[in-house]
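**Q** First the structure, then my questions, so here it is.
The values are calculated or read from the model by the stated rules, or taken from the named source; none is laboratory data. For clarity, every value in this text was computed on a predicted model and none was experimentally measured. Note that each Cβ is placed from the backbone with ideal geometry, even for glycine, and that neighbours are counted across all protein chains shown. Protein only, heavy atoms only, side chains kept; ligands, DNA and RNA dropped before computing areas. Shrake-Rupley method; radii C 1.70, N 1.55, O 1.52, S 1.80 Å.
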Amino acid sequence: MRYFALPVAALLLSVIALGGIWGDSVEKDEETKKVEALVQQLGDEDFSKRDAATKELDLLGDKALDVLRKAAAGDDAEIRWRAQLLMAAPRRRSTSTGMELVFIKAGDFSMGSPENESSRNNDEPRHPVSVTKPFYLGTYEVTQDEYQQVMKINPSSFATEGKRKADVRGMETARFPVEGVTWFDALEFCNRLGKQDNFEPYYKLEDVKREGDSIKSAKVTILGGYGYRLPTEAEWEYTCRAGTQSPYHFGGSSNGTQANTKGVVIAAGGYGGDIKGPNLARTARVGSYPANACGLFDMHGNAGEWCWDAYDKDYYFASPRNDPQGMVSGNQRVIRGGSWLVTETNCRSASRFWQTPDEAKDFVGFRVARNP
């Protein structure tokens, strides 16, 4: 790699410019040098070195993007090609926990359910929605292990030391979804994970009141930026559907074999045909069921998922078409995806649930989103 001498003023400006991305200036400089070295390695004559650099840059995710952008417009054909591939990679990972996120393109879809959809509720009228900005969404629900890494506790009931440990005796639950978290706990997790990954916090939590390790109330303000956050309800349904209009992303029937739900036969008002599927009566390891077309797992069932929005049963009748954010205020927050506890009729793509943000239940967890 070649290095060029810079005037002092230019060098200082370079360090300052990197400040918002890398943290302390010395650490940023070292990180930048590391990325630059890896990018140069993309053009090495040894394939194994090129491949190793590609994998490491993929793990670095957004931290490598600024250098990759320059390389993607450079003169070296091999480096340029590999840099372009890395920039187009559909996944990003948390540098501190390894949590994987999928890149979701902007697009339009029909939110809610048609009037002839069985078991639909009156709070889900179909209406057009545009998600105008791309974003990342967690491939899986946040796991107990990931929550433990960030928060240093595991509030889950379905854990080796949880309240319902008898239901998971002999199982390794580290990759089970975390549950037993309040909406406020989920926001705090997002901020702490962001700090670990060198992002500014997306939320500001003030006047925080706790009971034990759980946050029961707080004044919440959106700061914005590139840190981790909860998806909006519209983002959640857009990615759950993954281009489909059927009750589930996998089709029009479900009996507990395609997702961790309580299966009910059609004769009893369910979507499961004539055969009732399994009822685990607990959470399951994330990724135990097939992913949807976006590469996301457990969008139906397993743990319900907190979203950002305040719940209002009539919101769909007046919500904006572009990037709806939910009501400005409200006493409940939206939960999507159903859960292991409810029948598959309540785990449809359009199904809406809610709880007060201070509630922590063993059937509710969350997954994180982030702006690219």
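**Q** Go through the range 164-175 and report how many residues are closer than 20 Å to Ala259 by Cα, open to solvent by 10 Å² or more (accessible area, probe 1.4 Å) and out of contact with any strand residue (DSSP E or B) (no Cβ under 6 Å at 6 or more places or on another chain).
**A** 4
**Q** Only residues that are open to solvent by less than 10 Å² (accessible area, probe 1.4 Å) and either among the hydroxyl-bearing types (Ser, Thr, Tyr) or in contact with a Pro (Cβ under 8 Å, 6 or more places away or on another chain) (or both): list them for the range 233-250, please.
**A** Glu233, Ala234, Thr239, Tyr248
**Q** Can you report the number of residues in the range 140-163 which are in a helix (DSSP H, G or I), over 16 Å from Asn191 (Cα atoms) and open to solvent by 50 Å² or more (accessible area, probe 1.4 Å)?
**A** Qualifying residue count, the range 140-163: 1.
**Q** If you take the residues of the range 297-348 that are more than 21 Å from Gly365 (Cβ to Cβ) and part of a strand (DSSP E or B), which of them is most open to solvent (accessible area, probe 1.4 Å)?
**A** Asn322
**Q** So which residues in the range 211-232 are surrounded by 13 or more Cβ atoms within 10 Å (Cβ to Cβ), of a type outside the set (S, T, N, Q) and not in a loop (DSSP other than H, G, I, E, B), if there are any at all?
**A** Ile215, Lys216, Ala218, Val220, Tyr228, Arg229
**Q** For the range 99-119, how many residues meet the condition of being over 13 Å from the mean Cα position of the chain (by Cα), open to solvent by less than 70 Å² (accessible area, probe 1.4 Å) and either closer than 14 Å to Leu296 by Cα or at pLDDT 90 or above (or both)?
**A** Residues that pass the stated criteria total 9.
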